Each structure stands twice: as C-alpha cells, then as structure tokens.
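The values are calculated or read from the model by the stated rules, or taken from the named source; none is laboratory data. Every value quoted in this text rests on a predicted model; they were computed, and no experiment measured them. Note: ideal-geometry Cβ built from the backbone for every residue, glycine included; neighbour counts use all protein chains shown.
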Amino acid sequence: MKIDFVEIKTKIYKKKAIVISIITILFIILFSLLGIKAAEAYNKKLITAKIQNEYQNIELPNVQQNIIEENVNNIQEKEETTENVSINQIPVYSENAKKKMKEIYISDQKIAYLTFDDGPSQTVTPQILDLLKKENIKATFFVLGSRVKVNPDIVKREYEEGHYIANHGYTHEYSKIYKSVDNVISEYNKTEKEIRKAINVDEYESHLFRFPGGSNGGIYAKLKSKAKKELNKKNISFIDWNALTNDAAGANTKKKLIKNLKSTVKNKNSVVILMHDASNKILTYETLPDVIKYLREQGYSFDNFYTIMK
C-alpha cells in the first residue's frame, strides 16, 4: 500500500489551521469580554466620581448637621443676648437704689462719675464717645429731649456703648420748664419718650432727672422744691453735682478748666463731675484727656449710674 504523504501533510495543515482559528476566535472573544468589563468598570468609576462631585455641591438633608447648626445658632444668640443684657441695661429704681442715691457722696473708695449735660450734639458728643471708648470709661449723659429728637443715632450709640442715658428736660428754657410743676413733669416725660424712640427700647425709664441750672436756689427755688416731691412720688430721682470744670460758666482755656476741676474735687471721695457736650463745647472734649489723667493720678475709678439703678 502506497502512503500519500502529500495528502497527510495537507490534512495536518488543515487541522492546525482549524485549531489556530479556534484559538484566535477564543482570544478575540476573551479580549472582547475583558474590554467590556474594563469599559464598564471605567464608566462606573466616572459615574461614581460625577455623583460624588455633584453631591458635594448639594446640601443634603442631614439631621445631625441640622442639629449641630441649630445648637451653634442658639449659642450665638445666647451670647448676643448676654452681651446686650450686660451693655444695654434698663435702670431699676429699687429701694436699694433710692438709698444709694441719697448716699451718693458718701464713699470709702474714690469714685468719679463723669456727667455731660445739654447734648447730644453732632460736633462734640461723638468725639467724647470715641475718647471714653478708648479709655474704657462709662459715663452718664443728661440729654435734652429736643436734642435727642434731632440726634437719635448718637443717643443710641451712647446707650449701646454702656453709658447711662439720664434726663435733663426737653427745652432747657427756664421760663418754660419752671412755669409750673406740671411743666417739669411734662418735660421729663417728653424727653423719656424721645429716649425710648432713639434707643428703640419701649420699656426704658431713666428714673434720673437733672434740673436745668441745678435743683436748688435761684428764683425758681420754691417750684423746684415742689417738683422734687412730685418726682419722688413717680419714682424719679434727681442729682446735681459736687465737682465741675465750669465749662459752661466762663472758663475758656484748658488751664482754667483743670484748675476748677482740681479745686472742686479736692478732698472728696465720691465726685459727680459736671461737664457739657453741647455743640459749642469742643474745649470740654479737648480737656477731657487731662481730666481723666488727673482723676486717675488721684486714685479715682470711674463709674456711671447703672451701678446704682439696679
């Protein structure tokens, strides 16, 4: 029997070709599958990244986060309220306050009450406030209702910076205010109304009046005496001064103002110092640093009437 080697080789080549084709097809299928998986994984990664990025820009409802934010807001509100209570106080004319007012000039410690009458004014009062803030001193402003009405923003600043807002009547015109006891009360009430409007505190009541020209002497002495009794019935105290610079009585230089201050403060522990912040009292502001310096050198600390009216 004759063997046909050519035919055998042909069959072998055919089988190899088939095997190679099958292997090739299998590799193609395998790589296709791997490619699809890789593409899916890549697309999934892209989608995940996109979603994460989008969620970073979206404020999701988060109960815990909301609670934390609410607590933070509550703390801030409490801090603001505490600050407002400490600075923006409402005077209380208690029995203890009445007693302290009667004993205002009796003290074992050196205390100075800086008081300013006849304001507020646009030209002088803000400069005084700037200086008091710098020196960390709280003063008392005996305001005129007519001036409060035109300068409410300044009174609001006085109040918000912790100064005591007291009452000096509405007009400062003696012939009007001292025409009758009713006029004194009316001017007091009218000024209180303007103060409340300026500081936006409806329940504010200063309980403290300073008679224009002082509470004693002069041609209106009898009427003032009657007015004091009426004020007392309405829980309204009054205060004059026991030291002054004479900035409204002829002293026209720093030297004279300081000389008057020294002579009237001398040998007193508790001093209520009369000064003015009307528009023509720029010299008062210019001398105030020397006033403060002198009082500190003499061992005085500064206070206002909030420590009494509480």
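In table form, for the structure just shown:
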| quantity | calculated |
| --- | --- |
| Of all residues making up segment 132-158, the number that are surrounded by fewer than 17 Cβ atoms within 10 Å (Cβ to Cβ), closer than 17 Å to V291 by Cα and more than 16 Å from the chain's Cα centre (by Cα) | 1 |
| Hits in segment 148-181 (condition: over 16 Å from G213 (Cα atoms) and touching a residue at least 60 places away in the same chain (Cβ under 8 Å)) | Y159, E160, E161, G162, H163, Y164 |
| Test for V184: is it part of a helix (DSSP H, G or I) and either assigned by TED's automatic domain parsing to the domain that holds P120 or touching a residue at least 60 places away in the same chain (Cβ under 8 Å) (or both) | yes |
| Residues that are charged (D, E, K, R), surrounded by fewer than 17 Cβ atoms within 10 Å (Cβ to Cβ) and within 24 Å of the chain's Cα centre (by Cα), drawn from segment 94-131 | D130 |
| Failed condition for W241, given (1) under 28 Å from G299 (Cα atoms); (2) touching a helix residue (DSSP H, G or I) at 6+ places or on another chain (Cβ under 7 Å); (3) among the aromatic types (F, W, Y) | (2) |
| In segment 116-133, the residues that are under 20 Å from N246 (Cα atoms) and either assigned to a loop (DSSP other than H, G, I, E, B) or touching a Phe, Trp or Tyr at 6+ places or on another chain (Cβ under 6 Å) (or both) | F116, D117, D118, G119, P120, S121, T123, V124, Q127, I128 |
| Members of segment 265-282 that are surrounded by fewer than 18 Cβ atoms within 10 Å (Cβ to Cβ) and part of a loop (DSSP other than H, G, I, E, B) | K266, N267, K268, N269, S279, N280 |
| Test for S206: is it assigned by TED's automatic domain parsing to the domain that holds H276 and surrounded by fewer than 13 Cβ atoms within 10 Å (Cβ to Cβ) | no |
| K262, sole failed condition from (1) more than 19 Å from I165 (Cα to Cα); (2) part of a loop (DSSP other than H, G, I, E, B) | (2) |
| Subset of segment 196-255 that is of a type in the set (D, E) and not in a helix (DSSP H, G or I) - its residue that is farthest from Y159 (Cα to Cα) | D247 |
| Qualifying residue in segment 297-305 (condition: under 18 Å from F209 (Cα atoms) and either part of a helix (DSSP H, G or I) or polar (S, T, N, Q) (or both)) | yes |
| Scan of segment 250-282 for residues that are over 29 Å from E103 (Cβ atoms) and of a type outside the set (D, E, K, R), ordered by number | G250, A251, N252, T253, A278, S279, N280, I282 |
| Pair list, Cβ < 6 Å and 6+ apart or interchain, from segment 93-111 residues that are farther than 15 Å from F238 by Cβ to residues that are surrounded by 12 or more Cβ atoms within 10 Å (Cβ to Cβ) | S107/N269; S107/S270; K110/N269; K110/Y300; I111/S270; I111/D303 |
